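Structure first, commentary second.
The values are calculated or read from the model by the stated rules, or taken from the named source; none is laboratory data. This one's a predicted model, so the numbers in the text were calculated from it and none came from an experiment. Here Cβ is always computed from backbone atoms with ideal geometry, including for glycine, and neighbour counts include all displayed protein chains. Ligands, DNA and RNA are excluded from the accessible area calculation, which covers all protein heavy atoms including side chains. Shrake-Rupley method; radii C 1.70, N 1.55, O 1.52, S 1.80 Å.
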Amino acid sequence: MKKDPLIIAFCCNWCSYAAADLAGVSRLQYPGSIRIIRVMCSGMVHPDMVLHALQKGADGVIIAGCHLGECHYIRGNEIALARAEILVETLEDLGWESDRLQIVHVSSSESERLVQAFCDMHKRLEALDQTDFAAVEADE
Amino acid sequence: MKGRRRPRLSFVWLQACSGCEISLLNSGERLPDLLNKVEIVYFPLLMDRKCGGEGEFDLPEADVGFVSGSVSSDEHLTLLYALRRRCRTLVSFGTCATHGGIPALRNRWSAEATLETVFPGTPGQPTLPAEVPALLDRVYSVDEKVRVDFCLPGCPPHPETIAAVIETLVTGEQPRLPGKSVCETCPTIRTGEMHRTVRRFLNNAEYNSEEPVERMRCLLEQGLLCMGPVTVGGCGGPATPLCVQARVPCRGCYGPVRSEGNQLLDMLNVLASHGVDHRSIVDRQSLLRFSGAHGLLRSVRKTEGVVLMSEKGNKKSS
Ligand code: SF4
Ligand code: SF4
Ligand code: SF4
């Protein structure tokens, strides 16, 4: 059996981290293998950081920021989105499935939305890794 | 260095093109001087000295070992281990050794796929000639396999730089190399106005050949894919970067600015933050043509086409 998929979630300080906080105090359930890293803005997550996470063993990466137009730093999440677009394509050039990256926009009150994103990605990665596993076995 | 003994240098190449060694020989008037100061104990390009093979290498002992080329086969690995044991200071010499270089382009395919392409036999069973050593699963840079004391990037490194590095190393000191990007020493005119797309280099850049390069507009701003911002400088010494001198864009041959940087991602990041359409780049993968080791270029998974295509329509066959 493959281990629980490990997900690194970069959450921006102003919206999504607050949402994660709220999810905590509201006792919403989500997979325990998610590691949240608080960043000041989703726009500061350099593509190298995403790749680094994958290379060091993360199965997936979530970048969570405020809704477009509501960035504390005005355009940070738009930059994050532009970078995510690049990443989705480039990850595949580099041999990673693009499904391993997701970007979500949540406001500080939308803890359910964040938890939903966590769960969705977790499920998707499980399916992905199982396919991998089956393919390797069939190969041998 | 102790006594009267001259410092001993050993040069070993793995998967290499000998360009790095030729570059050293190109260092002009500095070379005879240098050769007077050191003793070269092993250098396949220059001297005939057999050190075994067949799984064991008996290299002479050296103070400084230079290794060029990437680590691609079992034999390279044995040779590299032998060199590491036999020299005090190990220098990875050239971009193949520091970042995988051109050989690491094969990391986009599995070792089996590579063998099937190069030695086609019956499908799934490449006919590997007996004298070809077994390939490693991928191409590694030297520092992924052994401890390296000094990295000297460049494809090939500038002759003057090599000579200066050797001169410093044999005195027992650590040389210093530039840590900033190619753009840092580029004298072209930058206005901050970028082309919205990246154009193919089918026509020359715009410049007036009567005028010095200082009067030419930055090539990246002209819409050419110049890798200057994400490539470590030093190729032109203190002068203009070599390719820009020739009025062509930098292709990134010195490897990333930070040694763990990813030239492809970093370059796309540069373009994205300037609002340039990265989809206009024709062959994106080739932005890693010099630095695909360290696991940056990976072979496409076996499951490709099964998992992803269902959900996203943007899968390309690469
Ligand atoms: S770094 Fe360049 S010059 Fe040196 S061995 Fe590799 S390909 Fe040849
Ligand atoms: S992008 Fe290229 S042409 Fe422009 S400053 Fe940098 S090295 Fe020079
Ligand atoms: S300009 Fe770039 S590609 Fe050309 S020699 Fe210098 S580092 Fe290499």
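Note on segment B:171-185: among residues that are of a type in the set (G, A, S) and exposed (fewer than 14 other Cβ atoms within 10 Å of the Cβ), the one that is farthest from ligand 1 (Cβ to nearest atom) is B:G172. Among the criteria (1) in contact with a strand residue (DSSP E or B) (Cβ under 9 Å, 6 or more places away or on another chain); (2) closer than 26 Å to B:P32 by Cβ; (3) open to solvent by less than 30 Å² (accessible area, probe 1.4 Å), the one B:A163 does not fulfil is (1).
Considering B:V142, B:V230, B:V198, B:V165, the condition of being without any contact (Cβ under 8 Å) to a residue 60 or more places away in the chain and either within 14 Å of chain A (Cβ to nearest Cβ) or within 16 Å of ligand 1 (Cβ to nearest atom) (or both) is satisfied by B:V230 alone. Quick one: in segment A:112-125, of everything that is more than 12 Å from every other protein chain (Cβ to nearest Cβ) and farther than 17 Å from A:F10 by Cβ, which residue is least open to solvent (accessible area, probe 1.4 Å)? Across segment A:112-125, the extreme among qualifying residues is A:C119. When you look at B:E56, is it surrounded by 14 or more Cβ atoms within 10 Å (Cβ to Cβ), more than 14 Å from chain A (Cβ to nearest Cβ), more than 16 Å from ligand 1 (Cβ to nearest atom) and more than 28 Å from B:E160 (Cβ to Cβ), yes or no? So B:E56 fails the test. Cβ-Cβ under 9 Å, sequence separation 6+ or interchain: first residue in segment B:280-294 and more than 10 Å from every other protein chain (Cβ to nearest Cβ) and open to solvent by less than 30 Å² (accessible area, probe 1.4 Å), partner among the polar types (S, T, N, Q) and assigned to a helix (DSSP H, G or I). Which pairs? These pairs meet every condition: B:F290/B:T95; B:F290/B:Q263; B:S291/B:T95; B:S291/B:T98; B:S291/B:Q263; B:A293/B:T98; B:A293/B:N107. Candidates in segment B:203-229 are the residues that are hydrophobic (A, V, I, L, M, F, W, C) and over 25 Å from the mean Cα position of the chain (by Cα); of these, the one that is surrounded by the most Cβ atoms within 10 Å (Cβ to Cβ) is B:M216. Could you list, in sequence order, all residues of segment B:223-245 that are more than 17 Å from B:L264 (Cα to Cα), near ligand 2 (Cβ under 8 Å from one of its atoms) and assigned to a loop (DSSP other than H, G, I, E, B)? The one that is more than 17 Å from B:L264 (Cα to Cα), near ligand 2 (Cβ under 8 Å from one of its atoms) and assigned to a loop (DSSP other than H, G, I, E, B): B:P241. Those residues that are within 16 Å of ligand 3 (Cβ to nearest atom) and either under 18 Å from B:C151 (Cα atoms) or outside the structural domain of B:C151 (by the TED database) (or both), I need them from segment B:23-39; list them, please. Matches in segment B:23-39: B:S23 only. Looking only at segment B:78-90, which residues are open to solvent by less than 30 Å² (accessible area, probe 1.4 Å) and in contact with a Gly (Cβ under 7 Å, 6 or more places away or on another chain)? B:L83, B:C87, B:L90, listed by residue number.
Somewhere in segment B:111-118, is a residue in contact (Cβ under 8 Å) with a residue 40 or more places away in the chain, buried (at least 19 other Cβ atoms within 10 Å of the Cβ) and not assigned by the TED database to the domain that holds B:V257? Within segment B:111-118, none of the residues are in contact (Cβ under 8 Å) with a residue 40 or more places away in the chain, buried (at least 19 other Cβ atoms within 10 Å of the Cβ) and not assigned by the TED database to the domain that holds B:V257. Among the residues of segment A:28-67, those that are at negative phi and small (G, A, S) comprise A:G32, A:S33, A:S42, A:G43, A:A53, A:A58, A:G60, A:A64, A:G65. Taken over segment A:58-108, residues that are within 12 Å of chain B (Cβ to nearest Cβ) and of a type in the set (V, I, T) amount to 4.
The combined condition, being under 26 Å from the mean Cα position of the chain (by Cα), outside the structural domain of B:S72 (by the TED database), open to solvent by less than 30 Å² (accessible area, probe 1.4 Å) and not hydrophobic (A, V, I, L, M, F, W, C), is fulfilled by B:T188.
Taking each residue of segment A:38-57 that is farther than 12 Å from A:L91 by Cβ and more than 12 Å from chain B (Cβ to nearest Cβ) and looking for partners that are among the aliphatic types (A, V, I, L, M) and part of a helix (DSSP H, G or I) with beta-carbon atoms closer than 7 Å, six or more apart or interchain, yields A:S42/A:A80.
Within segment A:36-87, being within 14 Å of A:A18 (Cα to Cα), surrounded by 22 or more Cβ atoms within 10 Å (Cβ to Cβ) and not aliphatic (A, V, I, L, M) holds for A:C41, A:S42, A:G65, A:C66, A:C71. For the residues B:L45, B:L35, B:L31, the requirement of being of a type outside the set (D, E, K, R) and touching a residue at least 60 places away in the same chain (Cβ under 8 Å) singles out B:L31. Go through segment B:15-53 and give me each residue that's away from ligand 1 (no atom under 16 Å from the Cβ), open to solvent by 50 Å² or more (accessible area, probe 1.4 Å) and aliphatic (A, V, I, L, M). Passing the criteria: B:L35, B:M47. Every residue in segment B:191-201 that is in contact with a Ser or Thr (Cβ under 7 Å, 6 or more places away or on another chain) and surrounded by fewer than 17 Cβ atoms within 10 Å (Cβ to Cβ), please. Across segment B:191-201, the qualifying residue is only B:T197. Going by the conditions given, is B:R147 away from ligand 3 (no atom under 16 Å from the Cβ), in a loop (DSSP other than H, G, I, E, B) and basic (K, R)? Against the criterion (away from ligand 3 (no atom under 16 Å from the Cβ), in a loop (DSSP other than H, G, I, E, B) and basic (K, R)), B:R147 qualifies.
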